[in-house]
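Coordinate-derived values only; no laboratory data. All of these numbers come straight from a predicted model, not from anything done at the bench. All Cβ positions, even for glycine, are placed from backbone atoms using ideal geometry, and neighbour counts span all protein chains on display.
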Amino acid sequence: MPPALRKPRLRRWEAAEYLELVHGVTVAPATLAKYASVGGGPAFNKGVSRTPLYPVAELDRWAIERMGKLVHSTSDAGV
């Protein structure tokens, strides 16, 4: 993983790159910005200069939630 993505909190463009590299979830930084405005995205902190910073743990939680629950067969409920 690139050194820039090894921080505990990531800027929006870094968060988008992290989600794709680690979880295979493709989301554009602009989409994360939209989610920050209307809801539905990963939780974030407003940084010192109002820059959104995404905690890595929240990115992981959001990506796993977005992928849906694990199933053992295609006949499991919800598939």
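Placing unit charges on the Cβ atoms only, positive for Lys and Arg and negative for Asp and Glu, gives segment 3-67 a dipole magnitude near 280 debye about its Cα centre.
If you take all other residues with their beta carbon under 10 Å from the beta carbon of residue 40, and give Lys and Arg +1 and Asp and Glu -1, the sum is +2. For the chain, the mean residue ellipticity at 222 nm estimated from helices alone is -10500 deg cm²/dmol, where every DSSP H run of n ≥ 4 contributes -39500 (n - 2.57) and the total is divided by all residues, rounded to the nearest 500. Subtracting the Cα-Cα distance of residue 21 and residue 5 from 0.36 nm times their residue separation leaves 4.8 nm of extension gain. Cα centroid separation, segment 1-28 to segment 41-73: 11 Å.
From the list [x] 46; [y] 71; [z] 50, can you say which value of percent of Cα pairs over 17 Å apart was derived from the structure given? Only one listed value fits the structure, namely [x].
Report, to the nearest 10°, how far helix 56-67 tilts away from the longest principal axis of the Cα atoms in the chain, using its own Cα long axis and a range of 0 to 90°. That works out to roughly 30 degrees. Projecting the Cα atoms of 28, 16, 48 onto the charge dipole of the chain (Cβ charges, centred on the Cα centre) puts 48 farthest toward the positive pole. Restricting the trypsin sites (Lys or Arg not before Pro) of segment 1-37 to loop positions (DSSP other than H, G, I, E, B) with no more than 11 neighbouring Cβ atoms within 10 Å leaves 6. The relative contact order of the chain comes to 29 percent, based on Cα pairs under 8 Å that sit 6 or more residues apart.
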